[in-house]
């Protein structure tokens, strides 16, 4: 059964069954959260939600867990992207307005963003259905239109799978925020003090940063240098007779000067202090949990993002603060060398599929084609997927093309499509954004100016590198999301009480009672196998998960 949900005031919801009748009093809207819980227990429907990230957190707070849903906003975004309209608003009011040929209201500011104290007097009304339009009827109408749109696609079954996985991801994201990632604030604080010194007064540098800043200045002739201000650093190096192109770490590592080591250490510790220092700890960790807001499909490739807290950019040093509760374990799963395996499955390159059968794909590739040199094999594969040709990469790529022509042709075809300004799609149908009008102007004008022609070709190739990697990275996101969606269902059945608490590209962390650790490990492995079949049908490519059962996240790596 499919049930459309429209939230009302005071924690009530209006419901409409699209196939069948709602039982008893539950057919009388509006109902409270308990009514949804009862329907979930008795009927396990697919809930049609305007936007899970808006509606589901409140249900979770009321103790209601939904099994399946169709997220109208996320589906609308996928369909708009498929049509090359990535920037169009996707919320229910905009989707309904498009169906009726009306102006599309912009989406509201996302949850989790800082709010302005006062709205602008001239700010347009955001994300609102016209007066008199019933939200339940609007949601039903948009859902039915989306079903028609999905049926009309070239591969409707693939996009339906992506919609289901994306919607399940939205439920999982809200649950992850509700559960929170176990976090030991005392361990985090002790780490900061060990690396930076005692917490400084407002406006002052931590002691270790102050010491390093002094060392940098001393090594540059006793000048006062502010390491946080790149022009000052560049000027100080120039005065010492050393020209540096920038203060980026990669550029500094090429410079042989005694000021470089303390400057690099300063930059690394300053990044930790600013992004994950005491202020971050006080803001984001409460009652032993870190609870960010995850953004499903927040990156065009389908990878997730987060609002606040930099949840998907946790430094390795801080993994030691992620610790299981007493009597619990962290089960950490990481997909090994996922993107090369995805390329093997996408391209149907049988030889590469055979190489991908090894637990270490790069070692297998080295044995097959690069005289056992793993480093050269990895460089060749990354060059194929990312378009690198610097140094000896071009020669290695030529060797890779000779040995695995179908795989290399696949990504090169995607690159050429990008250079022509065309859209490319992931395995399940997630679509790359079109290049900008400025790009089309720069690459479309014919000119006798050799410099301008060179610039035009360079700009086209840069976009081709993006589309080359998009088809692989977005398909990897398809697979990872299918794993998460499958795992979420399997855990509810086989390991109730286990909580998915972290998801990042190709990594999942489950927090569970110690006695459930091995069943969770098994479900992770089975979910990866099931996702491979769902996304790639009968591919011979293996997608192994490296699974570790640990007390501390840092011990999983």
Specify the inter-centroid distance of the range 447-473 and the range 188-227, based on alpha-carbon positions, in whole Å. 43 Å
Chain lengthening between residue 21 and residue 374 when straightened (0.36 nm per residue, less Cα-Cα): 121.0 nm
Over the range 420-557, what is the mean sequence separation of C-alpha contacts under 8 Å (at least six apart), divided by residue count, expressed as relative contact order in percent? 20 percent
Under a plain spin-label model, where a point goes 7 Å from the Cα along Cα-to-Cβ, how far apart in nm are residue 8 and residue 190? 5.3 nm
Normalised convex hull volume, the range 186-281, alpha-carbon set, Å³ per residue: 95 Å³
Working from Cα positions, state the angle (0 to 90°, nearest 10) between the long axis of helix 260-276 and the longest principal axis of the chain. 20 degrees
If I model a spin label at residue 275 and residue 58 as a point 7 Å from the Cα along the Cα→Cβ vector, what separation in nanometres do I get? 3.5 nm
Residue 493 and residue 552 label points (each 7 Å along its Cα→Cβ direction) are spaced in nm at 3.7 nm
With angles folded into 0 to 90 degrees, how steeply does helix 517-536 sit against the dominant principal axis of the chain? Use alpha carbons for both and round to 10. 90 degrees
Shape box of the range 342-477 [Cα atoms, principal axes, largest first, Å]: 48, 34, 18
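For a footprinting-style exposure proxy, rank 425, 32 by other Cβ within 10 Å, fewest first.
With the fewest neighbours first, 425, 32 line up as 32, 425.
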Listing 71, 551, 186 from the residue with the fewest other Cβ atoms within 10 Å to the one with the most, what is the order? 186, 551, 71
Please give the Cα centre distance for the range 497-526 versus the range 255-334, rounded to the nearest Å. 20 Å
Could you let me know the centre-to-centre spacing of the range 1-40 and the range 356-404, using Cα atoms, in angstrom? 55 Å
Quick one: go through the range 351-395 and flag any residue whose amide nitrogen is under 19 Å from the point 7 Å out along the Cα-to-Cβ line of residue 254. 388-394
Which percent of the Cα-Cα distances in the chain go past 40 Å? 35 percent
So for 467, 140, 431, fewest C-beta neighbours within 10 Å to most, what's the order? 140, 431, 467
Against the globular-protein guess of 2.2 N^0.38 Å, express the Cα radius of gyration of the range 254-410 as a ratio, rounded to two decimals. 1.39
Can you give the angle from 0 to 90° between the axis of helix 33-43 and the longest principal axis of the chain, with both taken from C-alpha atoms, to the nearest 10? 80 degrees
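Rule-based calculations on the coordinates, nothing more; no lab input. Fair warning: this is a prediction, and the values are worked out from it, not measured in the lab. Don't worry about glycine lacking a Cβ; one is built from the backbone with ideal geometry, like all the others, and counts go over all protein chains shown.
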